[in-house]
Amino acid sequence: MVLVLAIPLVARDLTRDERLADFEQMVGILRSSYGMIEYKKQVEGIDFEVVVATYRAKVRTVAKDDDFYNLMAAFIAEFKDAHLGHQKPSSMS
C-alpha cells in the first residue's frame, strides 16, 4: 500500500540576514562583472557606491519577500541599462 499526501509547500519569507546576503551577493557580482560602473559615474552621474549604500539601508527595513524583490528590481533599474535586469523567483509568480 502506498499513501501519497498532497501537502502544498508554502515558502517562508527570507530572514533579514538572508535578504542582506542576497543583496551583497548581487553587489559583488556587479562589482566584478559589470564593466560600466565607472562610465555610469563619469558620464551619467550614477555613483555605484551611493546607490549601493542607499539600497542596503532599504533592504534592512524590508519585511516581506515581495517587497524585497521589488526593491532589487528598483536597485537594478537605477543603472538605466537594458543589459541588466532582475526577475522574481518563479515561486513568486
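The values are calculated or read from the model by the stated rules, or taken from the named source; none is laboratory data. Not measured: the values here are computed from a predicted model. Neighbour counts run over all protein chains shown; Cβ positions are idealised from the backbone, glycine included. Heavy atoms of the whole protein, side chains included, go into the accessibility calculation; ligands, DNA and RNA do not. Shrake-Rupley method; radii C 1.70, N 1.55, O 1.52, S 1.80 Å.
Quick notes
- Of all residues making up region 37-48, the number that are among the hydrophobic types (A, V, I, L, M, F, W, C) and open to solvent by 70 Å² or more (accessible area, probe 1.4 Å): 1
- Some residue of region 50-59 being open to solvent by 30 Å² or more (accessible area, probe 1.4 Å), among the charged types (D, E, K, R) and closer than 20 Å to residue 20 by Cβ: yes
- Qualifying residue in region 11-18 (condition: at pLDDT 90 or above, part of a helix (DSSP H, G or I) and hydrophobic (A, V, I, L, M, F, W, C)): no
Conditions tested, residue by residue: (1) of a type in the set (A, V, I, L, M); (2) on the phi > 0 side of the Ramachandran plot; (3) at pLDDT below 95.
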position	(1), (2), (3)
26	yes, no, yes
60	no, no, no
69	no, no, yes
81	no, no, yes
87	no, no, yes
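- Scan of region 60-93 for residues that are acidic (Asp, Glu) and open to solvent by less than 50 Å² (accessible area, probe 1.4 Å), ordered by number: 65, 81
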